[in-house]
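Accompanying notes for the structure given below.
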Amino acid sequence: MSRPPPMFLTLLSILILGTYFFHLWRAEAALAIPWTPSPDARLFSQRPLPAPIEASFLSSSTTTASKETESQPLSNYALPLKTQGRNIVDQNGKRFKLSSVNWYGASDELFIPGGLDVQHRKAIAKTIKRLGFNSVRMPYSDEMVVKNPTILPHLLAKNPDLMEKRALDVFVACVEALTEEGIAVIVNDHITTATWCCGADPCDASWSNDWLPGVVCKVRQTEEDWIRNWETVMGRLAGNELVIGADLRNEVRGVWGTMPWDRWASAAEKAGNRLLKMKKDWLIIVGGTESGNDLRGARTRPVRLEVEDRVVYSAHVYSWSGWGSLEGRYSKRTYPSFVASMRSNWGYLVEGNVAPVWIGEFGAPSEPGRGDANYWENLMRYLKSIDADFGYWAINPRKPKDDEKETYCLVEDDWVTPVLDYRMKDMTELMRIGHK
């Protein structure tokens, strides 16, 4: 039998590859097709935002007073917090569910939380509380701590009392504005170099980068430097009982996802124990590897600290998470496939009542395509089914660099007007699980 001529095989190969890539293109294009909100979501957007659940906050705006004492916020929980199985609880065993939002900016190029040129920090704190969030994740960069620059006046236009203050002073002032509203705060070491996180730069892929050549990294950092930066930040906040924890590092990943869990767990224990020597009440939050999504290593190698009942794990789940797997990104997954991945990565800790897991980052645009909407619906369905602790990314309407629009925002550019859409509908429902 004669063989096909080489030209025929070449053309056949081109046809097969062309057909394959055409189907890939069609599948990706389908994910971007605009999604139509459900009637319930549209109805939610037309109604006033429900009042926040006062009982979900560590302290309430309701005050107590007597002839002998000044008016003080009414405490809803017996602090300090600790862990008990899958839950974060107070000293009486009452669950405190983290219903959080991220307020970023101090980890970026301008060194301060966003919006201080638009609203006073207390107004932003009131907006966050009005949205129903009882806790806030506050990211910082190690460069912010090391440089601690004086902040340019125009960035603090609506906070004149902070003029000529340094970055860490502004960060602390924003934390205090939140806690004065009864909002709990978790501080997060987000990135080494002050910039948007997270890219492919190996200098920011983990808590230390001193193994790289000295000329490579703008900010060079050892493990000890990282811990000392933590001590600097938390030393300023140790007297504030509503600062409840330290999220040790954002999206640890190594170089191209090569971070061994054991190496990260050992570093987390070292840093956590140092912080607990400063104040034994803090929760120590340890994120997963692989950009925050993978906590499988905790099954056989849990993080253990010198103070018991202080470890909270954290996972980040986005529509693009899951890349590189056979079943693809979460934007493409069916619900059974999505849940199987969640249970394998971190859900086993919650469903098995082993340890708390806080979904410290997730988010979607206000006008999603079908892929983002599919991811969101699957995630919300699962988080509601397990009554999860969560932290949405993010409140900010603008990114610090170049004032770029933040499509994941929950408020308009005035930092006051809420964006009431399918996201707030689902998170409002999630907040209310377990509350009458």
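Please work out which residue is nearest to PRO400 (Cα to Cα), limiting yourself to the range 152-161 and to residues that are open to solvent by 10 Å² or more (accessible area, probe 1.4 Å) and in a helix (DSSP H, G or I). Among those residues, the one meeting the criterion is LEU155.
Does ALA267 fit the bill of being more than 15 Å from the chain's Cα centre (by Cα), farther than 21 Å from ARG86 by Cα and surrounded by fewer than 24 Cβ atoms within 10 Å (Cβ to Cβ)? Answer is yes for this residue. Which of the residues that make up the range 114-140 are part of a strand (DSSP E or B) and either free of Cβ contacts under 8 Å to residues at least 12 places away in the same chain or touching a Ser or Thr at 6+ places or on another chain (Cβ under 8 Å) (or both)? Residues satisfying the conditions are SER135, VAL136, ARG137, PRO139, TYR140.
Within the option set GLY199, GLY214, being free of Cβ contacts under 8 Å to residues at least 24 places away in the same chain and within 17 Å of the chain's Cα centre (by Cα) holds for one residue only, GLY199. Only one entry in LYS384, LYS401 is exposed (fewer than 15 other Cβ atoms within 10 Å of the Cβ) and within 19 Å of the chain's Cα centre (by Cα), namely LYS384.
On the stretch given as the range 266-325, residues that are closer than 18 Å to ARG343 by Cβ and in a helix (DSSP H, G or I) total 7. Restricting ASP225, ASP189 to those that are outside any helix (DSSP H, G or I) and among the acidic types (Asp, Glu) reduces the list to ASP189. Pairing residues of the range 152-165 that are among the polar types (S, T, N, Q) with residues that are open to solvent by less than 100 Å² (accessible area, probe 1.4 Å), at Cβ distances under 8 Å and at least 6 apart in sequence or on separate chains, gives ASN159/LEU116; ASN159/HIS120; ASN159/ARG121; ASN159/VAL170; ASN159/ALA173. Exactly one residue out of GLY352, GLY371 is out of contact with any Phe, Trp or Tyr (no Cβ under 8 Å at 6 or more places or on another chain), within 30 Å of ARG304 (Cβ to Cβ) and at pLDDT 95 or above, and it is GLY352.
Of the numbered criteria (1) among the charged types (D, E, K, R); (2) open to solvent by less than 10 Å² (accessible area, probe 1.4 Å); (3) outside any strand (DSSP E or B); (4) under 23 Å from CYS409 (Cβ atoms), the one GLU143 fails is (4).
Contact map, the range 269-288: residues that are closer than 15 Å to TRP226 by Cβ and modelled with pLDDT under 95 paired with residues that are open to solvent by 10 Å² or more (accessible area, probe 1.4 Å) and assigned to a helix (DSSP H, G or I), Cβ distance under 9 Å, separation 6+ or inter-chain. No pairs are found.
Just one residue in the set ASN209, ASN250, ASN229 is in contact (Cβ under 8 Å) with a residue 12 or more places away in the chain and more than 28 Å from ILE88 (Cα to Cα); that residue is ASN209. For ASP210, are the conditions met, namely being more than 25 Å from SER135 (Cβ to Cβ), crowded, with 20+ Cβ neighbours inside 10 Å and among the acidic types (Asp, Glu)? Criteria not met by ASP210. Being β-branched (Val, Ile, Thr) and touching a residue at least 40 places away in the same chain (Cβ under 8 Å), is that true of even one residue in the range 381-394? There is no residue in the range 381-394 that is β-branched (Val, Ile, Thr) and touching a residue at least 40 places away in the same chain (Cβ under 8 Å). Of the residues making up the range 195-220, those that are at pLDDT below 90 and either touching an Asp or Glu at 6+ places or on another chain (Cβ under 9 Å) or of a type in the set (Phe, Trp, Tyr) (or both) are CYS197, CYS198. When residues in the range 363-381 are screened for being surrounded by fewer than 19 Cβ atoms within 10 Å (Cβ to Cβ) and in a helix (DSSP H, G or I), 3 of them pass. Comparison of SER2, SER71, SER75 shows that the only residue that is modelled with pLDDT under 65 and closer than 30 Å to ILE183 by Cβ is SER71.
Using the structure shown, decide if LEU31 is at pLDDT 65 or above, open to solvent by less than 100 Å² (accessible area, probe 1.4 Å), under 30 Å from MET431 (Cα atoms) and touching a Ser or Thr at 6+ places or on another chain (Cβ under 8 Å). It is true that LEU31 is at pLDDT 65 or above, open to solvent by less than 100 Å² (accessible area, probe 1.4 Å), under 30 Å from MET431 (Cα atoms) and touching a Ser or Thr at 6+ places or on another chain (Cβ under 8 Å). Tell me which residues, restricted to the range 84-103, are in contact with a Lys or Arg (Cβ under 8 Å, 6 or more places away or on another chain) and among the aromatic types (Phe, Trp, Tyr). Result: TRP103, single match.
Of the listed requirements (1) part of a helix (DSSP H, G or I); (2) open to solvent by less than 10 Å² (accessible area, probe 1.4 Å); (3) of a type outside the set (A, V, I, L, M, F, W, C), GLY360 misses just one: (1).
The values are calculated or read from the model by the stated rules, or taken from the named source; none is laboratory data. As the structure is a prediction and not an experimental result, all values here were calculated from the model. As a convention, Cβ positions derive from the backbone with ideal geometry for all residues, glycine included, and neighbour counts pool all protein chains shown. Each accessible area value is taken on the protein alone, full model and side chains, heavy atoms only, with ligands, DNA and RNA left out. Shrake-Rupley method; radii C 1.70, N 1.55, O 1.52, S 1.80 Å.
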